[in-house]
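Notes for the one structure printed next.
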Amino acid sequence: MPKIALSSGHAKNCRGAVGIIDEWEHNVKVVDRVCELILAGGGQCVKFHDMTSSDSSTNLNTTSNWHNSQTRDYDCQVHFNAYQSTNSPMGTECLYVTQSTLASKIAQAQASSGGFINRGAKKRTDLHFLNATAKPAVLTEICFVDSATDVGLWEENHEAVCQALAYALVPELQIPGEPPPVEPPVTEVKVVDVQIFAPRGVRVDVSVNETTEG
Ligand SMILES: [Zn+2]
């Protein structure tokens, strides 16, 4: 089984986004629980919370240095997103440079377990964590701390989301008493190209209604 090095984004004294909930506090909760679930399921995981850094660049270096000092197969960091205070759902996403397949899988797992909008996998070449870590890396954004809907879904589904993230990182896990989340089977795949043009700052939600026609 792959060994996961997992860290919380930001630091105790440099805390990231604050909305309805405090990002750092919840990053820590996710890392602690996911690591616990991976170990309980027979996998390997090491974790890190930055308790010392008080500025962002020290935090980034401290965290990537910790990752690079570990024997591991994957690097993963947990964040929550922020945009602006809203009651609307915003969603979950997972950021990557090289790991598009894993990032898609994680975003999908978090969306279906949490009830979040799936914003999908996003390639980001400007993030220290993804560039500085030496192993295949993903940076996941569970949901938005300033969306009342997202925070409500998180509070309700946090255990399911942590399990889904654990299984997405280590599919071979067998967490006692917890069957792996079942993805609906894909019976047929059709490729549809859609192009949407919208001004910057406009969010476009797309919903798919199934049709019976070919
Ligand atoms: Zn963050």
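The values are calculated or read from the model by the stated rules, or taken from the named source; none is laboratory data. As the structure is a computational prediction, the values presented were derived from the model and not from experiment. Glycine gets a Cβ as well: all are built from the backbone with ideal geometry, and neighbour counts include every protein chain shown. We work out accessible area using only protein heavy atoms, side chains counted, and drop any ligands, DNA or RNA first. Shrake-Rupley method; radii C 1.70, N 1.55, O 1.52, S 1.80 Å.
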**Q.** Failed item, numbered, when Gly43 is tested on (1) open to solvent by 20 Å² or more (accessible area, probe 1.4 Å); (2) away from the ligand (no atom under 16 Å from the Cβ)
**A.** (1)
Q: Give the stretch 55-106 a look and list any residue that's open to solvent by 60 Å² or more (accessible area, probe 1.4 Å) and among the basic types (Lys, Arg), or say none.
A: Lys105
(Q) Please verify whether Asp75 is of a type outside the set (Gly, Ala, Ser) and over 20 Å from Glu141 (Cα atoms), treating the condition exactly as stated. (A) no
Q | Qualifying positions in the stretch 68-85 - of a type in the set (Gly, Ala, Ser) and near the ligand (Cβ under 9 Å from one of its atoms) | A | Ala82
Q: Could you tell me whether the stretch 11-26 includes any residue that is more than 16 Å from the ligand (Cβ to nearest atom) and either surrounded by fewer than 20 Cβ atoms within 10 Å (Cβ to Cβ) or more than 24 Å from Glu156 (Cα to Cα) (or both)?
A: no
(Q) As an exercise: evaluate Ser56 against (1) over 30 Å from Val204 (Cα atoms); (2) hydroxyl-bearing (Ser, Thr, Tyr); (3) within 14 Å of the ligand (Cβ to nearest atom); (4) under 17 Å from the mean Cα position of the chain (by Cα) and give the number of the one condition it does not meet. (A) (4)
Q: Scan the stretch 107-143 residue by residue and report those that are among the polar types (S, T, N, Q) and either buried (at least 17 other Cβ atoms within 10 Å of the Cβ) or over 23 Å from Arg72 (Cβ atoms) (or both).
A: Gln108, Gln110, Ser112, Ser113, Asn118, Thr133, Thr140
Q: Would you confirm whether any residue within the stretch 30-39 is farther than 26 Å from Gln174 by Cβ and within 16 Å of the ligand (Cβ to nearest atom)?
A: no
Q) Do you know which residues across the stretch 143-174 are touching a Phe, Trp or Tyr at 6+ places or on another chain (Cβ under 8 Å) and part of a loop (DSSP other than H, G, I, E, B)? A) Val145, Asp146, Leu173
